[in-house]
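Structure first, then comments.
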Amino acid sequence: KLKNLEMLIDAFAEARKRHSNISLTLIGEGLELQKLKVKSEKLKISGMVEFKNPMSRDKILEEIAQSDLVVLPSLSDVSPNLLMDALAVGTPFLATQENGLREVLGGAGTWFNPMSKEDFTNKLESLLAPGSLEKARNQIKSFPYRKTWEDVAEEYEQIFKDVV
């Protein structure tokens, strides 16, 4: 429930009314999977929603790189690696404003209130407008925030050094 996937399905169904060429891929499994499949059928979008089994990080990065947009609708997410992965491969993202990376990645993506289906749908619609995804892709590719694994390791070393 915290992943807010029902709202994602609803927003996608709304967007499909005006953008018949879009599709949605959900990767993973969990207690809500069957419920999401039933919801997709009720909204008559089941043929446009693909449910994929969990996969390795390398495969997920391939999926992200081949996608036009990554959507993170979670009600809360402390440090969403999904957004860092999208940034790394240059794929635009639409994400909840309730996460720990918004301050760091603010200019790289589009943010919405996860409690507002209207805000979510409006932001999704704005990204689907002609030229918007290409503009977002160029914006994310020029975003200056990049970290190597060495950068991250040095930050951890500094934290541990200060604690000890």
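Ala86 meets the conditions (1) more than 17 Å from Leu8 (Cα to Cα); (2) open to solvent by less than 20 Å² (accessible area, probe 1.4 Å); (3) not in a helix (DSSP H, G or I) in every case but one. The failed one is (3). Remark: pairs (first residue in region 11-27, open to solvent by 20 Å² or more (accessible area, probe 1.4 Å); second residue part of a helix (DSSP H, G or I) and of a type in the set (Gly, Ala, Ser); Cβ separation under 7 Å; 6+ apart in sequence or on different chains) = Ile22/Ala15. The set of residues in region 89-99 being open to solvent by less than 50 Å² (accessible area, probe 1.4 Å) and at pLDDT below 90 consists of Asn99 alone. Consider region 65-95 and keep the residues that are in contact with a strand residue (DSSP E or B) (Cβ under 6 Å, 6 or more places away or on another chain) and of a type in the set (Val, Ile, Thr). The one that is farthest from Glu6 (Cα to Cα) is Thr91. Counting only helices (runs of 4 or more DSSP H) wholly contained in region 112-164, the ones carrying 2 or more residues that are within 20 Å of Val89 (Cβ to Cβ), open to solvent by 100 Å² or more (accessible area, probe 1.4 Å) and not hydrophobic (A, V, I, L, M, F, W, C) occupy 132-141.
The values are calculated or read from the model by the stated rules, or taken from the named source; none is laboratory data. Since we're looking at a predicted model, the values are computed, not measured. No Cβ is skipped: glycine too gets one built from the backbone with ideal geometry, and neighbour counts run over all protein chains shown. For the accessible areas, the whole protein counts, side chains as well, though only heavy atoms, and no ligand, DNA or RNA atoms are used. Shrake-Rupley method; radii C 1.70, N 1.55, O 1.52, S 1.80 Å.
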